[in-house]
Every structure is written in C-alpha cells, then in structure tokens.
1. Could you order ILE143, ILE61 by accessible surface area, starting with the largest, using a probe radius of 1.4 Å?
2. Please work out how much length the chain gains when fully extended from LYS59 to ALA21, using 0.36 nm per residue of separation minus the C-alpha to C-alpha distance, in nm with one decimal.
3. Over the chain, calculate the relative contact order: mean separation of alpha carbon pairs under 8 Å at least 6 apart, over the residue count, as a percent.
4. Before anything else, pin down the relative contact order of the range 1-77: Cα pairs under 8 Å, at least 6 apart, normalised by residue count, whole percent.
5. Compute the long axis of helix 51-68 from its Cα atoms, compare it with the longest principal axis of the Cα atoms of the chain, and write down the angle in degrees, 0 to 90, nearest 10.
6. With charges only on Cβ, +1 for K and R and -1 for D and E, what is the dipole size of the chain about its Cα centre, in debye, rounded to 20?
7. Need the full-extension length gain, GLN161 to ASN130, defined as separation in residues times 0.36 nm minus the C-alpha distance. One decimal, nm.
8. Enter the accessible area per residue of the chain (Å², integer; probe 1.4 Å; all protein chains in place).
Amino acid sequence: MDAKDKEIRIAEVKRAAADHALARDPQTRRSATISTLRALWELAAVSGAPVEGLSVVNKLIQDLEELNRGTVPALFEVDKESAAEKKSSGASADLALAAALVDALNQYEKMPIQEAIDYVAAKRGISANNLKNARQRLRSKTIKDAGQPHYQAALSTIAAQPDPARAIRVQLMK
C-alpha cells in the first residue's frame, strides 16, 4: 500500500469516528459504528491482515446492519436461561462435597449442624460462612445451583457405602 492510499484510508476511519461522536440516536450511532468498522476493515485488508480476522469483523458488520434493520441477529440475542445460570453459577464441586460432608456428619455421626460446618470448614480450609451459605443453596428446592448435582452425588455415594462414617472420615482426610 502506498502512502497516499494509506492516508486516504486513515482519513476514512477518522471521518467515521467523528460521525460516531456526533451521532445522537442509537440507529445513527450504529450506522457510524458500521462505517468505522468498514473503514478499519479496508485499512487492515490493504495492509495484509489475515483473512480469518477480517471475516470476524465482516460478520460483526453484517450483524450490526441486521440490528439496524430491526431484526436481532444471533450475536445480540440474550438467552435468558443461560444468562441466569452464568450469573449465579453456584457452588463448586469441592464446596458441594464439603456441604454434603456436613449433612453426612449430622446424619451418621449425629453432629450438630453448626459444629459440622465449623469442623468441615476447618478441615477443608474454607470459610465456615461460605460453607453455610452454599449448603443452604444446595439444599434448596427453589434455588438453582450448579453444584446441586455434585452435592446429591456426594450424599448418595456416602449413603451407599457399607460404613458411611468411615467414608466421611476418608473424605475429610483428603
């Protein structure tokens, strides 16, 4: 690319950026963004940018144009269920196991819940308050927590052992 061509491309990018800065409504702002992306795409293409990267930018431009036409492209769709799951991902497998150990200690060793929480938290090196809160979420029938399958599996595994108390002690030694 020669110097004159490069200057022209840079001027197009600056002009599109100025249009974006002056835009007041969302559609005009999106149009200015599209113009800026196109100008950057052309500058990058002439400069020898890889096709793979350029195709991603091109797809973004197409999706923004589609949004401007009033349709919602896949890129801008919000999956409400996935967003809710990501927002509160829940307890980790380790925290779920610790909560299951608390319940198992209560059931098989007749240890009071708060004492079991403190004991497991100390053995596992986690906060007793975090463990208490995680246990409440994992036991809830209304709250969805990503750790619930781990919690249930741990409880089932302990209950299926010939000596559940021994299984608990083995887990607490890890």
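The values are calculated or read from the model by the stated rules, or taken from the named source; none is laboratory data. This structure is a prediction, so every number in the text was calculated from the model and none was measured. We place every Cβ from the backbone using ideal geometry, glycine too, and count neighbours over all the protein chains shown. Accessible surface is based on the protein model in full, side chains and every heavy atom, while ligands, DNA and RNA are left aside. Shrake-Rupley method; radii C 1.70, N 1.55, O 1.52, S 1.80 Å.
1. ILE143, ILE61
2. 11.4 nm
3. It rounds to 18 percent for the chain.
4. Once divided by the residue count of the range 1-77, the mean separation gives 27 percent.
5. Once rounded, the angle reads 90 degrees.
6. The calculation lands at about 620 debye.
7. 8.4 nm
8. Dividing the accessible area of the chain by its residue count gives 65 Å².
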